[in-house]
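Report on one structure; see the data block that follows.
Every number in this text was worked out from the coordinates using simple rules, so none of it is lab data. Source: prediction; values computed, not measured.
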Amino acid sequence: MQVSRFNDYVGAVTNFVGKTLTIAELEARKLHHDYTDLLTRAVQPALWLLIYGEVMSSIKAIPTGNLSYMDFVAPGILAQSVLFIAIFYGIAIIWERDLGIVHKMLASPTPRSALVLGKALSASERGLSQAAIVYLLALAVGIHLNGNPMALVLVIIVVILGGALFSTFSLIVACLVKTRERFMGIGQILTMPLFFASSAIYPIAMMPSWLQAASRVNPLTYEVDALRTLMIVGGPSAYGLTYDFAALLLATAIMVAIAAKLYPRVVR
C-alpha cells in the first residue's frame, strides 16, 4: 500500500513538472522567434551601468566599503533589469485573454499552478538574457566579477527565482485589473518603489529608518544581496546567502499559490 502511494506521488510530481516545463517551453518559443526584444532591452542596463554607474563612481558620493561603486552597483543593475522585464510580463496574459488563449488553457487538465509556474519560468529566460548582457558590460568596464563556476550557477538560480517571483506578482496584478491600460499604470507605480526600497544603487544603511523597514520586506533586497555576494569578488552579504535564498523561495511560492488561485479570474 505504501509503495503504491509513493508511486502515485512520484507520478503526480512527474506529471506536474512535465506540464510546467511544457508551458515554459511554449512561452519561451515566442522569444526565440523575435530576438529584437532582447536587443532593445539591452539599452536600459547599458545606460544605468555605463552612464549612471560611471558618474556616481566618479563623484564618490555613496560609501560602499571595500568595493568600488561600479562593483557595488552592477548586481543591482542586473536585479533591476530582471525586475523591469518581469513586472510587465502580466500584460501578455491580458493579450492572451483577448485572443482566447487563456480560455483554452483553463479548459485543459493542466493544474493552474503548473500554468502559472510555467509562465514564470519563461519570464526567467528573459532575465537570463539580461544577466548575459550585464556580465558582458561589466567585463568591458573592468568590474571585478567572480568567475567561480558554482557562483555562476547560483547567479543563474537567483535570476530565475527573481524573474519567476516578479512575473508571478505581475500576473496577479493582471488577474485583478484585467485591462492593459490600468495594468501599465499600476506596473509603473510598482517598479520604482520596489527598486528604490532595495540596496540596488545604495547601501541600506544610508536609508531613513522607515525605508530600511520597507527594504526588509522587499524581495528585491534579497535578490540584490545574493547577486552582490555571488557576482563580485569580495562582495559582502548583509543577510547571508541562506537567508536570501529562503526569502526568495518563500516569496515565489506564495506568489505562485496566489496567482494559481486568481488565474481563472482573468477571463471574467
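Using all C-alpha to C-alpha distances in the stretch 204-250, build P(r) with 5 Å bins and read off the rounded percent in each one.
5, 23, 29, 23, 15, 4, 0
Would you mind estimating how fast the stretch 155-268 diffuses translationally, via Stokes-Einstein at 4 °C and 1.567 mPa s with the Kirkwood radius over Cα pairs, in µm²/s?
Numbers: Rh = 15.1 Å.
It diffuses with D of about 86 µm²/s by this estimate.
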